[in-house]
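The values are calculated or read from the model by the stated rules, or taken from the named source; none is laboratory data. Remember, predicted model here, so these are calculated numbers, not experimental data. In this analysis, Cβ positions are derived from the backbone assuming ideal geometry, glycine residues included, and neighbour counts consider all displayed protein chains. The accessibility values were calculated without ligands, DNA or RNA, using every heavy atom of the protein model including side chains. Shrake-Rupley method; radii C 1.70, N 1.55, O 1.52, S 1.80 Å.
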Amino acid sequence: MGTEDQLNNPPQPPPPAPSLPHYPEMIMTAIEALNDKNGVSKTAITKQIESTYGDLPPAFTTLLAHHLDVMKQTGKLLFVKNNYMKPDPNAPPKRGRGRPPKPKVPLPPGTVVPPPRPRGRPPKPKDPFAPISQPKKKTSTGSGRPRGRPPKSPKPAPTSAPPVAGPPRGRGRPPKVKPAVAPIGC
């Protein structure tokens with residue numbers, strides 16, 4: 001079993017790693033420290049963070065790449081020629097794809113907003129001056145026949161003919177009958 005020392009003094013957990021700042025903070029401080037007008041590469045950012053903070057987690061490179069991509073997509077960093085740089089504060093904000101929406105004009109108070117139009121093609125308007133007509137009856141097409149394919153007529157009952165004697169026919173197409181060849185030179 002265990003000794004009294006082991007029971008009284010449980011094993012201590014390893015000391016927690018020194019807390020690192022969040023990745024976006026580390027990235028921004030590295031870019032500011034390197035201060036290159038053409039931007040900073042990913043490897044330069046990695047080396048700067050490693051030299052500043054020393055002991056880093058084993059998944060540091062993948063986390064750094066993920067945070068660089070997120071910061072690039074949100075507009076916190078610019079990515080030009082494989083280099084990351086801080087955006088110019090005087091530059092206009094980056095527009096998204098497609099046509100921008102129309103600005104909404106505020107309605108004066110007290111106006112009732114009509115319901116949105118239904119989807120699809122609107123129905124044809126009815127002519128108010130047209131004479132009221134009765135529902136149309138089925139009219140003949142002139143030939144006297146109904147429309148469509150005619151129904152199958154039932155087969156007539158077979159007459160009492162004697163069945164053909166012989167072997168029953170096999171499945172499929174019968175073989176081609178070859179003409180008999182007469183012997184030559186008899």
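Worth a mention:
- When segment 22-73 is filtered for residues that are more than 33 Å from the chain's Cα centre (by Cα) and acidic (Asp, Glu), the ones remaining, listed by number, are GLU25, GLU32, ASP36, GLU50, ASP55.
- Candidates THR62, THR43: the one that is at pLDDT 90 or above, of a type in the set (Val, Ile, Thr) and under 20 Å from SER19 (Cα atoms) is THR62.
- Residue match in segment 18-30 (condition: modelled with pLDDT of 90 or more and not in a helix (DSSP H, G or I)): no
- Listed by first and then second residue, the pairs linking a residue in segment 87-108 that is touching a residue at least 12 places away in the same chain (Cβ under 8 Å) to a residue that is part of a loop (DSSP other than H, G, I, E, B) and surrounded by 10 or more Cβ atoms within 10 Å (Cβ to Cβ), with Cβ atoms under 6 Å apart and 6 or more places separating them unless they lie on different chains, are LYS94/GLY75.
- Some residue of segment 71-88 being hydrophobic (A, V, I, L, M, F, W, C), in a loop (DSSP other than H, G, I, E, B) and touching a Pro at 6+ places or on another chain (Cβ under 9 Å): yes
- Taking the conditions (1) over 17 Å from GLU25 (Cβ atoms); (2) modelled with pLDDT of 85 or more in turn, LYS94 satisfies each one other than (2).
- Only one of the numbered conditions (1) open to solvent by 100 Å² or more (accessible area, probe 1.4 Å); (2) not in a loop (DSSP other than H, G, I, E, B) is violated by PRO123, and that is (2).
- Checking each residue in segment 73-109 for being out of contact with any Gly (no Cβ under 7 Å at 6 or more places or on another chain) and of a type in the set (S, T, N, Q) picks out GLN73, THR74, ASN82, ASN90.
- Residues located in segment 53-65, provided they are without any contact (Cβ under 8 Å) to a residue 24 or more places away in the chain and open to solvent by 80 Å² or more (accessible area, probe 1.4 Å): PRO58, THR61, THR62
- Failed item, numbered, when GLN73 is tested on (1) at pLDDT below 90; (2) surrounded by 10 or more Cβ atoms within 10 Å (Cβ to Cβ); (3) closer than 21 Å to SER19 by Cβ: (3)
- Taken together, the criteria exclude ALA165 from residues that are among the hydrophobic types (A, V, I, L, M, F, W, C) and either modelled with pLDDT of 70 or more or not in a loop (DSSP other than H, G, I, E, B) (or both).
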